[in-house]
Amino acid sequence: MQGRSMPNRLAMTHFGSSCRRASQRGLSLIFSLMALVMLSLAAVALVRSVDISSMIVGNLGFKQDATSTSASAAAEALVWLQTSVSAGNLDADVPASGYYANSQDGLDPTGRRTSAQNPLALVDWLGDGSCGNAAAGTFSTCTVRAKLGTPVNGNQVRWVITRMCKTSAPISSANPCAKPATISSANAAERGELASGGRLTTLTSSPYYRVIVRTDSARNTVSYTETLVHF
């Protein structure tokens, strides 16, 4: 009787060992799947990181291109300005050319400083009266028009020129303008530089003119530059 019961115990022991091995194989599969999921998530995160980095680099490139393009637009605006200075036709506004004979002190060229609490004047850069889709009540006026320039490398350029004077009228004591410093004595011309390469002079200079250029580039990139000049 005892000899007959021993094979049964061996069979039960063998069956229990097989169950444990099957259970271990099941746990290994679960851990493998978890590791695979983690590696997949890491790969997705790496791809997204590379895409974001490429997008940032591309946006910076478009921004730099837009900013460098504005130099050509400013040069075009200065050609018009110099011709008009020679003709003496800058005492009145010329909206069609984006020129205003006063300083436009309350002007917000970029539209980022104006608000319902402090409404400022905006530039109608697009010429459609939308003023950058600014919400009503967040700006005072939108009557300053911009001049459309010649496109540069596919970038759209526009400019506004303001004369740094009190009003749009001939220059006088009642209508003062910001001008470069001058002297009345020739002896003082050898003293005190205003900047590197420039000295005080006895020559009469024109008022300062402010040239604001907006450049629209790819990916809705917008750049603003400002130049002060005198003649």
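The values are calculated or read from the model by the stated rules, or taken from the named source; none is laboratory data. This is a predicted model, so every value here is computed, not measured. Here the Cβ is made from the backbone with ideal geometry for all residues, glycine too, and neighbour counts use every protein chain on show.
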Selection status of ASP93, surrounded by 11 or more Cβ atoms within 10 Å (Cβ to Cβ) and either over 22 Å from SER70 (Cα atoms) or not β-branched (Val, Ile, Thr) (or both): yes
Could you say whether any residue in the stretch 102-113 is closer than 13 Å to ARG163 by Cα and exposed (fewer than 12 other Cβ atoms within 10 Å of the Cβ)? yes
Condition test on SER140, is it modelled with pLDDT under 95, among the polar types (S, T, N, Q), surrounded by fewer than 16 Cβ atoms within 10 Å (Cβ to Cβ) and in contact with a strand residue (DSSP E or B) (Cβ under 6 Å, 6 or more places away or on another chain)? yes
Check on ASN102, of a type in the set (S, T, N, Q) and at pLDDT below 90: no
Which one of these is in contact (Cβ under 8 Å) with a residue 40 or more places away in the chain, over 27 Å from SER205 (Cβ atoms) and not polar (S, T, N, Q): VAL85, VAL152, VAL144? VAL152
Looking only at residues that are aliphatic (A, V, I, L, M) and surrounded by fewer than 17 Cβ atoms within 10 Å (Cβ to Cβ) in the stretch 114-137, which one is nearest to SER84 (Cα to Cα)? LEU126
Just to be sure, is GLU226 loosely packed, with under 14 Cβ neighbours inside 10 Å, modelled with pLDDT of 90 or more and in contact with a Lys or Arg (Cβ under 8 Å, 6 or more places away or on another chain)? yes
Hey, SER172 modelled with pLDDT of 90 or more and not aromatic (Phe, Trp, Tyr) or not: yes
Residue under question is VAL160, and the condition is that it be assigned to a strand (DSSP E or B), touching a residue at least 40 places away in the same chain (Cβ under 8 Å) and under 16 Å from ALA75 (Cα atoms); does it hold? yes
Check on ARG48, among the charged types (D, E, K, R) and modelled with pLDDT of 60 or more: yes
